[in-house]
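Nothing in this text is a laboratory measurement; each read-out follows from the coordinates by a stated rule. This is a predicted model, so every value here is computed, not measured. So basically every Cβ, Gly included, is an ideal-geometry build from the backbone, and we count neighbours across all protein chains shown.
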Amino acid sequence: MARIVKRAYTYRFYPTSGQADELVRTFGCVRLVYNKALEERTRAYAEGRRVSYGESSAMLTGWKCSDALGFLSAVSSVPLQQALRHLQAAFANFFAKRAKYPVFKSRKKARAPAEYTRSAFRWREGRLTLAKMDAPLAIVWSRPLPEGAEPSTVTVSRDAAGRWFVSILVENEIIPLPPVAASVGVDVGIAALVTLSTGEKIANPGHGRRERRRLAGAQRALARKAKGSANRGKARLRVARVYARIADRRRDYLHKVTTRLVRENQAVAVEDLAVRNLVKNGKLANAISDASWRELRSMLEYKAQGYGRTLVVVDRWFPSSKLCSACGTRQEAMPLSVRAWECACGVVHDRDVNAAKNVLAAGLAES
Ligand SMILES: [Zn+2]
């Protein structure tokens, strides 16, 4: 039985200078329309009136015809309409007491993305062309869109590091995979990104020597720059870019790993992060490892759900590295420096593989 889910796929793209100009202009118009409509609605609210979407849309038409705001008709009208829809939703949430009163979008803080619905872009043979543009966007397809996917909404944005992103919303038909007999326990570590109960170790990308050196270099350069100087801003941007690249690579890699785990196994067992943190050593407990753990878990969660597999999260604490997965004997101590050990029963264990085996056993017992 197939299920339909909506999911957004985000990619980087490299606009031509003409496309960049058009998008920057559009972002500016989106922000202006949002803020002006908010101003009008606020005035009405003070008088005890509510403005409907239709009314705000009519106002937009009026602004476009005025001398002062005629430039609004130079950009695609769809992102402007979408800004009004978002404002409408923000007010609906406010009136339903689910959210605070909407605030203005500032030039500095708010990144006002431009949202294009079906009528404002062309999708042909895997090429995406936005309204008011002649050429398709140069998108880096870091992973493919699902086969036969039809985009319904496209959102364009730019982040603090100056990178351009396009987020493509598609309806995805998910067909549960045929059942398999295999199950796997996963231990998330630092030396290896993940260790499987099968004995396989999957290396951590993005922590290569080259990335570490580049990051250290960027951070040193930042530390040398005077506070508040233009060069400091540039150096900070460089650090942000190196971080972003490492995070991108890690995410792509985690996608591949989690898809594989979910395809090959009926059940995947992991330890809860809170449980892991109980036994974590200060030195090893770094933010990067926690971040990849969270990402890994959330990817496993939605992929398992989509493909009819089970993710078991072991949230009961047990000494996963101290137990012999072969005979169940508990070792007295297991310092972190011990990477391999021999149990009295004669089995020689790799520390992480043994832990993964114990996680699998606990997961299967729990489910
Ligand atoms: Zn043993």
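Worth a mention:
- The simple Förster model, with R0 at 25 Å and r as the Cβ-Cβ distance, assigns residue 141 and residue 243 a FRET efficiency of 0.65.
- Cleavage-rule hits, GluC sites (Glu not before Pro), the range 111-176, DSSP coil, Cβ neighbours within 10 Å at most 14: 125, 147
- Residue range of the chain that is longest and free of chymotrypsin sites (Phe, Trp or Tyr not before Pro) which are both DSSP loop and sparsely packed (at most 16 other C-beta within 10 Å): 142-316
- Going from the fewest other Cβ atoms within 10 Å to the most, the residues 73, 56, 337 appear in the order 337, 73, 56.
- Each principal axis of the range 3-173 carries a Cα extent, and these read 51, 42, 30 Å when sorted largest first.
- Measuring against 26 Å, Cα to Cα, the residue pairs 36/97; 64/100; 105/227 contain 64/100; 105/227 as the ones spanning a longer distance.
- The ranking of 170, 78 from fewest to most other beta carbons within 10 Å of each one's beta carbon is 170, 78.
- Using only the C-alpha atoms, the convex hull of the range 183-366 corresponds to 131 Å³ per residue.
- Partnerless cysteines, meaning none of the other Cys C-beta atoms lie under 4.7 Å away, in the chain: 29, 65
- Value of relative contact order over the range 132-200, rounded to a whole percent, pairs C-alpha under 8 Å and six or more apart: 19
- Whole-Å distance, taken between Cα centres, linking the range 296-367 and the range 161-236: 24
- Net lengthening on full extension, residue 52/residue 175 (0.36 nm per residue, minus Cα-Cα): 40.2 nm
- Most positive-pole-ward Cα, 180, 81, 270, against dipole of the chain from beta carbon charges: 81
- In sequence order, calculated HN-Hα J values of the range 351-366 (Karplus, 6.51, -1.76, 1.60; Hz; x Gly/Pro): 3, 6, 5, 4, 4, 4, 5, 5, 5, 4, 4, 5, x, 5, 5, 6
- Dipole in debye (nearest 20) - the chain, about Cα centre, beta carbon charges: Lys, Arg +1; Asp, Glu -1: 1860
- Distance distribution P(r), the chain, all Cα-Cα pairs, bin width 20 angstrom from 0: 22, 44, 29, 5, 0 percent.
- Of the beta bridges in the range 183-366, as assigned by DSSP with both residues counted there, near 55 percent are antiparallel.
- The charge dipole of the range 183-366, taken about its Cα centre with unit charges on the Cβ of Lys, Arg, Asp and Glu (plus for the first two, minus for the last two), comes to roughly 1820 debye.
- For the range 164-269: span of alpha carbons on each principal axis (Å, largest first): 60, 37, 18
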